[in-house]
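*Asks:* Have a look at this one.
The values are calculated or read from the model by the stated rules, or taken from the named source; none is laboratory data. Fair warning: this is a prediction, and the values are worked out from it, not measured in the lab. Glycine also receives a Cβ, built like all others from the backbone with ideal geometry; neighbour counts cover every protein chain displayed. Keep in mind that these areas ignore ligands, DNA and RNA; they rest on the heavy atoms of the full protein, side chains included. Shrake-Rupley method; radii C 1.70, N 1.55, O 1.52, S 1.80 Å.
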Amino acid sequence: MTTACLSTTYFGPVQWYQKLHRYDQVVIDGEERFQKQTYRNRCLIATTQGVQALTVPVVHDSKSSISDVLISDHGNWRHLHWQALQSAYGDSAFFEYYEDDLRPFFKENNWERLVDYNDAICRKVCELLDIQPSIVHQSSQDCSDFRLVINPKHPLEDSEFMLRKYYQVYQQKHGFLSNLSILDLLFNMGPESIFFL
């Protein structure tokens, strides 16, 4: 059995979902320390201006484990993230197809903890991708550890990850932007997204 260790993510990148799809089991460690400027509370999307980071504001201290990190309601971020997605992907082939499934994550205030919010997002995205990963929430064990590899600021080499190019709304303007949020793949490729994982 192949096992991958991953960090929790907020609409994680294609690479993260590829691990969910390709490994027999994925371990998400709820006791790891929270790290700023990671996919734990941010995702990257394509806009007319280029790549934009959407960041969930959180409340934590320097010693917080990820399971203790709370979502902040500071700055009306849910509304701003939804507006950014509508602006960036409103003209994409499949935005309207997935809009009703994803809107509740930006309109409802049902989650206090970041890990619960991310877990709910992950379950919904896996349903939309039509994948059924085996996810275990526990301390890391003997596994292929991708927690430092999958990083927005300083990604490490991942010889297993080779993303086939797919159509992107702003490709003519910016070229192909690799490893954006899974939302980019879903909104552009719809039900065919699974073939890119």
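*Asks:* Just one of the numbered conditions (1) exposed (fewer than 15 other Cβ atoms within 10 Å of the Cβ); (2) modelled with pLDDT under 95; (3) under 16 Å from G12 (Cβ atoms) is not true of E127; which one?
*Replies:* The failed condition is (2).
*Asks:* Can you pull out the residues in the range 71-82 that are touching a strand residue (DSSP E or B) at 6+ places or on another chain (Cβ under 7 Å) and either modelled with pLDDT under 90 or surrounded by 15 or more Cβ atoms within 10 Å (Cβ to Cβ) (or both)?
*Replies:* I71, H81
*Asks:* Okay, moving on. Name the residue that is modelled with the lowest pLDDT, counting only residues in the range 144-197 that are within 17 Å of the chain's Cα centre (by Cα) and among the basic types (K, R).
*Replies:* K153
*Asks:* R40: basic (K, R) and either farther than 21 Å from S193 by Cβ or open to solvent by less than 70 Å² (accessible area, probe 1.4 Å) (or both), yes or no?
*Replies:* yes
*Asks:* If you don't mind, another one. Condition check: small (G, A, S) and in contact (Cβ under 8 Å) with a residue 24 or more places away in the chain. Does S159 satisfy that?
*Replies:* For S159, the condition - small (G, A, S) and in contact (Cβ under 8 Å) with a residue 24 or more places away in the chain - is not met.
*Asks:* Also, quick follow-up: Go through the range 16-33 and count every residue that is in contact (Cβ under 8 Å) with a residue 60 or more places away in the chain and either open to solvent by 30 Å² or more (accessible area, probe 1.4 Å) or over 18 Å from D184 (Cβ atoms) (or both).
*Replies:* Here the count works out to 12.
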